[in-house]
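Okay, structure first, notes after.
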Amino acid sequence: MYKSVLLLLALWLGVATQRAQAQTLSPLGVWTNEEKKATFEIYKCGDKLCGKIITLTVPNDPETGKPKLDTKNPEPKLRTRPRLGMVFMQGFGYDGDSKWDNGKIYDPESGKTYSCYMKMESANKMEVKGYIGFSLIGKSQTWTRVK
């Protein structure tokens, strides 16, 4: 009987520890995507999370030699803003189980904005999925934390 109680206690502590670790996984910090074209900072903006571009592997437009701009933006007045420093993710709220949902992600290479969620896979890996309509259909990437 005593051994059974100890075993149950040990199992409960193990599950509680795993839950605590899962709850502490946070996307706050600096990340890079699979292509490693840029690094992004995920940060708090009010009670939500946002993301901005903090480095570009190729920061200047090869044709002009000047910093890359948001030339594909559907809003003409935004086409002259620099990509470096651009807030391209916003509105992410915690949805439980290490997932932040109901956000938007903007792709400056296409000028399109998608619904998006971020889900922590581990302390240094995160799934980022952009989609239109339903999250079952869309494109996922694994981002890696930059140390």
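Among the residues of the range 1-31, write down those that are surrounded by 10 or more Cβ atoms within 10 Å (Cβ to Cβ), among the polar types (S, T, N, Q) and at pLDDT below 95. Correct list: THR17, GLN18, GLN21, GLN23, THR24.
Within the set ILE54, ILE132, the sole residue that is touching an Asp or Glu at 6+ places or on another chain (Cβ under 6 Å) and among the β-branched types (Val, Ile, Thr) turns out to be ILE54.
Only residues that are under 16 Å from GLY91 (Cα atoms) and either assigned to a loop (DSSP other than H, G, I, E, B) or open to solvent by 50 Å² or more (accessible area, probe 1.4 Å) (or both) were counted in the range 32-57, giving 7. Just one of the listed residues (ASN73, ASN124) is exposed (fewer than 15 other Cβ atoms within 10 Å of the Cβ) and modelled with pLDDT of 95 or more, and it is ASN124. For ARG79, the conditions (1) open to solvent by 50 Å² or more (accessible area, probe 1.4 Å); (2) in contact (Cβ under 8 Å) with a residue 24 or more places away in the chain are fulfilled apart from (2).
With respect to the stated conditions, TYR106 is within 19 Å of GLU34 (Cα to Cα), at pLDDT 95 or above, among the hydroxyl-bearing types (Ser, Thr, Tyr) and buried (at least 17 other Cβ atoms within 10 Å of the Cβ). Only one of the numbered conditions (1) modelled with pLDDT under 95; (2) in contact with a Leu (Cβ under 7 Å, 6 or more places away or on another chain) is not met by ILE137, and that is (2).
Got at least one residue in the range 58-69 being surrounded by 15 or more Cβ atoms within 10 Å (Cβ to Cβ) and of a type in the set (Val, Ile, Thr)? Among the residues of the range 58-69, not one is surrounded by 15 or more Cβ atoms within 10 Å (Cβ to Cβ) and of a type in the set (Val, Ile, Thr), which makes the answer no.
Residues that are open to solvent by 70 Å² or more (accessible area, probe 1.4 Å) and either within 15 Å of CYS45 (Cα to Cα) or not in a loop (DSSP other than H, G, I, E, B) (or both) within the range 83-103 comprise GLN90, TYR94, ASP95, ASN102, listed in sequence order.
The values are calculated or read from the model by the stated rules, or taken from the named source; none is laboratory data. It should be emphasised that the depicted structure is a prediction, and the values quoted were computed from it without experimental measurement. Virtual Cβ from ideal backbone geometry, glycine too; neighbours counted across all protein chains shown. For accessibility, only protein heavy atoms count, side chains too; no ligands or nucleic acids. Shrake-Rupley method; radii C 1.70, N 1.55, O 1.52, S 1.80 Å.
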